[in-house]
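First comes the structure, then the notes that go with it.
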Amino acid sequence: MEFSRHTVEKIGGTSMSRVRELVDTLFIGARKKSDLYGRVFVVSAFGGITDLLLEHKKSGSPGVYALFSNDDNDHGWLDALTRVGDAMSAAHKDVLDHPGDLSMADEFVRERIEGARSCLFDLQRLCSYGHFRLSSHMLVIRELLSGLGEAHSAFVTTLLLQRAGVNARFIDLSGWRDETEHDLMGRIRDGLDGVDFATEMPIVTGYAQCSEGLMREFDRGYSEVTFANIAAFTGAAEAIIHKEFHLSSADPKLVGENAVRKLGHTNYDVADQLSNMGMEAIHPKAAKTLRQADVPLRVTNAFEPDDPGTLIDDNPAEDPRVEIVTGLNVVALEVFEQDMVGVKGYDTAILEALRRHNVRIVSKTSNANTITHYVEASLKSVRRVERELAAQYPSATINVRALAIVSAIGRDLSGLRVLSQGLRALEEAGIEPVAAHQTPRNVDVQFVLPSDSRDGAITALHAALVEAADVAKVPEAPAPSQAQQTRPAQRAAA
């Protein structure tokens, strides 16, 4: 398959809830005729829908999936599925206004919700026989449910754009009622077969059903993986993520709108560090796909279409500088064993226990007889690991406590004395760090602090390491790609 020069662009759920605004800026704006095309859009579900389908991302409040997997009766998940249908209908009523479009969207929701309801009932009935176990099917159910949200938003967006005169095309990769089996590349190839990027605007579901099972490895990061693989497969000039904010040197709500600066240009190394700190510019596996395909990534503010945003590529920094200061609450798991020195096996055992309990490691330090892991997990999960290790090493002393890590990140921190300057700034702010880490690669410096000092530390470090630096010239993103330069209106969207 051959494709004309184009961009592949992703819109997140929060921005999708404001999709009517995006028609006048991102999708159409000042573009005319052919300038509208040469762009593939990968969309997430409308804001809040995936939380209702699975579980709330932050609070953990159960959605259809969680209720179906844990309930002893039908009423919990049935009522939750009805709420999803109502929420979908409310979402598209805020977007569409033509009666014909509303009727088609209502029918789309009814067909998908009733289909999911029948599927879950049939699975329950099947698993009432002793040879079948519901637990072995739960990952498939999670994928089926999550795909409902993206299919709905993509379908509604297509209707909206078609009504506005755009030749938009709904591309459903969710595998709904598809009896064929595809790997991810096969699903993408099949979905895009026959699409003319020069005359059509594909609106693609962020979820793609495939034999690999995206949720098995990526869970709710699947839409960025789909997006990256489409960009790599089609040889996109750029991959663009439209967020509701710019990638900035810190959270403007903490340090102030006037104090932060847009990154403008950074590289995939920094993006990986941000992901490790829970501030994902893009899922690390998606970044790897783009990097290996030599596709640059641009992150923009969807509601500031004239701003080029931040370009992420493989290029090193022109000058050393701290680009961003960010923080994350963590739990420290410290294992002290006097007899550890010179003995192998402790580290392997700790890592295996963390893996078994699905605990994500953010950072790690060790000395002769102590290994400390800073992890992102609930205290309850870490306590399970603690009990397991205590049984395995009864003479060890194991401590668990809630802390925070604040990290200063940049493509090149060499010669900036970030560690010493940062410690001085924290001392002047009256904040006493628990630990500090710096690696020889000079891409980040981490300060471990009491959890209630996180926000204050971000403010103090940003003032010392970013604001106090020479900020006379704010770095601008490199010019958009050649494909965009040939379409001036498209450049404005990026």
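The values are calculated or read from the model by the stated rules, or taken from the named source; none is laboratory data. This structure is a prediction, so every number in the text was calculated from the model and none was measured. Don't worry about glycine lacking a Cβ; one is built from the backbone with ideal geometry, like all the others, and counts go over all protein chains shown. Side chains are part of the model used for accessible areas, which takes the heavy atoms of the whole protein and leaves out ligands, DNA and RNA. Shrake-Rupley method; radii C 1.70, N 1.55, O 1.52, S 1.80 Å.
Suppose every K and R has +1 on its Cβ and every D and E has -1 on its Cβ; what is the size of the dipole of segment 352-417 about the Cα centre, in Debye to the nearest 20?
Numbers: 11 positive and 5 negative charges, 31 e Å.
Dipole of segment 352-417, to the nearest 20 debye: 140 debye.
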**Q.** Signed unit charges on C-beta, dipole axis of the chain, positive-most listed residue Ser420, Ser15, Ala154
**A.** Ser420
Q. Can you give the convex hull volume per residue for the Cα atoms of segment 167-257, as a whole number of Å³?
A. 148
(Q) Under 8 Å for C-alpha pairs, at least 6 residues apart: give me the relative contact order for segment 118-249, rounded to a whole percent. (A) 23
**Q.** Under the Karplus curve 6.51 cos²θ - 1.76 cosθ + 1.60, θ = phi - 60°, whole-Hz ³J(HN,Hα) for segment 309-314, x wherever Gly or Pro sits
**A.** x, 10, 8, 10, 9, 9
**Q.** Extreme residue, positive dipole direction of the chain, given options Thr439, Asn167, Val260 (C-beta unit charges)
**A.** Thr439
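Could you work out the helix-only [θ] at 222 nm for the chain, with each DSSP H run of four or more residues adding -39,500 (n - 2.57) and the total divided by the number of residues, to the nearest 500 deg cm²/dmol? Intermediate results must be reported in sequence, preceding the final value.
Numbers: 19 runs with 197 residues, N = 494.
The helix contribution divided over the chain gives -12000 deg cm²/dmol.
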Q: Evaluate the Debye formula for the chain with equal point scatterers sitting on the alpha carbons, no solvent, and hand back log10 of I(q)/I(0) at q = 0.10, 0.12, 0.13 Å⁻¹, in q order, two decimals.
A: -0.87, -1.18, -1.31
Q: Taking the Cβ of Leu173 as the centre, find all other residues whose Cβ is under 9 Å away and add up their charges (Lys, Arg: +1; Asp, Glu: -1).
A: -2
**Q.** Normalised contact order of the chain, rounded percent, pairs of Cα under 8 Å and 6 or more residues apart
**A.** 16
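With every protein chain kept in place and ligands, DNA and RNA left out, what is the accessible area per residue of the chain? Probe 1.4 Å, answer in Å². Don't skip to the end; give the middle numbers.
Details: 22070 Å² over 494 residues.
Per-residue value: 45 Å².
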Q: Using +1 at the Cβ of each Lys and Arg and -1 at the Cβ of each Asp and Glu in segment 49-104, identify which of Gly60, Val84, Gly100 lies farthest towards the dipole's positive end.
A: Gly60
Q: Report the net charge of residues surrounding Ile203, where surrounding means a beta-carbon distance below 11 angstrom and charges are Lys +1, Arg +1, Asp -1, Glu -1.
A: -2
(Q) How big is the dipole moment of the chain about its Cα centre under a simple scheme where the beta carbon of each Lys and Arg is +1, that of each Asp and Glu is -1, and everything else is neutral? Debye, nearest 20, please. (A) 200
Q: Give, rounded to the nearest 20 debye, the magnitude of the charge dipole that segment 160-223 has about its Cα centre when Lys and Arg contribute +1 at Cβ and Asp and Glu contribute -1 at Cβ.
A: 320
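When only Cα pairs under 8 Å and 6 or more residues apart are kept, what is the percent relative contact order across segment 344-481? Show your work: numbers first, answer last.
Working: 141 pairs, mean separation 25.9, N = 138.
Worked out over segment 344-481, it gives 19 percent.
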**Q.** Net charge, Asp455 excluded, C-beta distance under 15 Å - Lys, Arg +1, Asp, Glu -1
**A.** 0
Q. Segment 54-94 to segment 305-320: how many Å between their Cα centroids?
A. 40
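So which of Lys32/Lys253; Lys58/Lys288; Lys243/Lys380; Lys243/Lys288 end up more than 31 Å apart by C-alpha? Each step should come with its number before you reach the end.
On the way: Lys32/Lys253 38 Å; Lys58/Lys288 26 Å; Lys243/Lys380 33 Å; Lys243/Lys288 20 Å.
Where the Cα-Cα span goes over 31 Å, the pairs concerned are Lys32/Lys253; Lys243/Lys380.
If you take the beta carbon distance between Glu304 and Arg387 as r and set R0 to 41 Å, what does 1/(1 + (r/R0)^6) give as a FRET efficiency, to the nearest 0.05?
Working: r = 50 Å, r/R0 = 1.22.
Computed FRET efficiency for Glu304 and Arg387: 0.25.
Using a 10 Å cut-off on Cβ atoms, rank the peptides 217-226, 307-316 from the highest mean neighbour count down.
Details: 217-226: 20.8, 307-316: 19.3.
Top of the packing list down: 217-226, 307-316.
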Q. When the accessible area of the chain is computed with all protein chains present and a 1.4 Å probe, what percentage of it is carbon and sulfur?
A. 48
Q. Going through the DSSP H helices of the chain, which span 24 Å or more along their own axis at the Cα atoms while scoring at least -0.5 as a mean Kyte-Doolittle hydropathy?
A. 75-93, 99-126, 138-163
